[in-house]
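Single-structure report; data block below.
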Amino acid sequence: MSAYAAATGTADLEPGPGACATAVRPLVEFRGLGVTYPGGVTAIRDFDLAVGAGEFVVILGPSGCGKSTVLQVVAGLLRPTAGQVEVGGRINPPPGKDRGFVFQHAGLLPWFDIFTNIEIGLRAKGLSKKAARAVSQHYVSAMGLDGFGHRYPYQLSGGMQQRVGVARAFAIDPPILLMDEPFAALDAQTRLLLQQELLRQWEGSGKTIIFVTHSIEEAVLLADRVVVMARSPGSVKTAVTITLPRPRNEATRLHPEYLRLFETLWDMIRLDAQRAIAEPEIREPS
Ligand SMILES: Nc1ncnc2c1ncn2[C@@H]1O[C@H](COP(=O)(O)OP(=O)(O)OP(=O)(O)O)[C@@H](O)[C@H]1O
Ligand SMILES: [Mg+2]
């Protein structure tokens, strides 16, 4: 019996495409997840995926395939209409401090300065004002925002605001980080810099990251494993282990394996991406 089978109780079965790459009990596990929205749109059906502790999983798929829906279920912001997600041994848990969420748009509170935006979650965790300031100062610095702590969000560029969003999520030090296209709205150069910064922050941190993107380049650069979603409705189509060496940086994009993986993944999603343009959403028959 494989270690995976022993750990998951799936004695005679080979792990499926969404199976956890590590041979330990998954930290996040989706089992037969389904989400049908009140208007009748089935965003997710039979979604199975196991994510190991410390793993960096990227969910890749065309627009409308249900990526954000999956992430919102893990975050506890949305309840499944079928199946379940288990997070750290709890089934369909409500939002909690064990999970940090980085949205596509930073979502900062405009009436607070940058330090305070980062410290809100820390104060809610019970840290004193002084301790919270020490942590926020550390992350402001780590994100290259020295000197901006007392500015307000409107005084920062979009890229800087997004860095505050990432800093805020890291500052509360959750074991699980959920990131929904956090860099999608940024210009290409800022995006590259923030990808590097994210990798620097994550490597050696032991954190588990589930990162959503529709960018194949981003997926290959960041992931331990890329989970490709099929649409109509959303489910796991396949998972590809990214064997590129770490630490990764700009030079990684020149690695022959990078190009090979890019082509493999593009071949997998090409058809769905074309369909996503032609038929934006799938409805249950009424
Ligand atoms: N609140 C909602 N009510 C009804 N339908 C919804 C809702 N949110 C999403 N959907 C539908 O569910 C499907 C999946 O949406 P979702 O936002 O999860 O996709 P996505 O993969 O994140 O897309 P994108 O890459 O464009 O962000 C889509 O067909 C969408 O129209
Ligand atoms: Mg989305």
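No value in this document is a laboratory result; all are computed from the given coordinates. Predicted model, so just to flag it, every value in this text is computed and none were measured. Cβ atoms come from the backbone with ideal geometry, glycine included; neighbour counts cover every protein chain shown.
Between residue 131 and residue 98, what is the FRET efficiency for a Förster distance of 22 Å, r being their Cβ-Cβ separation, to the nearest 0.05? The formula returns an efficiency of 0.65 here.
Between 0 and 90 degrees, the angle of helix 256-278 with respect to the longest Cα principal axis of the chain falls at about 80 degrees.
Per-residue ellipticity at 222 nm for the chain, helices alone: DSSP H runs ≥ 4 residues times -39500 (n - 2.57), over residue total, nearest 500 deg cm²/dmol?
Rounded to the nearest 500, it is -11000 deg cm²/dmol.
Each of 115, 81, 30 was scored by the projection of its Cα onto the charge dipole of the chain, and the greatest displacement toward the positive side belongs to 115; charges sit on the C-beta of Lys, Arg, Asp and Glu. Per residue, the average separation of C-alpha pairs within less than 8 Å and at least 6 apart gives the chain a relative contact order of 24 percent.
Residue 229 sits among other residues whose Cβ lies under 9 Å from its own Cβ, and their net charge, with Lys and Arg +1 and Asp and Glu -1, is +2. In this label model, residue 193 and residue 79 are separated by 4.4 nm, measuring between points 7 Å along each Cα→Cβ vector.
If you line up the long axis of helix 114-124 against the longest principal axis of the chain, both from Cα atoms, how many degrees apart are they, to the nearest 10? With rounding to tens, the tilt is 70 degrees. Each Lys or Arg adds one and each Asp or Glu takes one away; over the other residues whose Cβ falls under 14 Å from the Cβ of residue 192, this sums to 0.
Only the Cβ atoms of Lys and Arg (+1) and of Asp and Glu (-1) were treated as charged; on that basis the dipole of the chain about its Cα centre amounts to roughly 860 debye.
Cross-link partners of residue 130 among lysines, defined as those whose alpha carbon lies under 28 angstrom from its own and excluding same-chain residues fewer than eight positions apart: 97, 207.
Which of the peptides 185-194, 30-39, 207-216 is most tightly packed, and how do the rest follow, judged by the mean count of other Cβ atoms within 10 Å per residue? All intermediate terms of the calculation are to be shown ahead of the outcome.
Working: 185-194: 14.9, 30-39: 16.8, 207-216: 22.0.
Going from most to least packed, we get 207-216, 30-39, 185-194.
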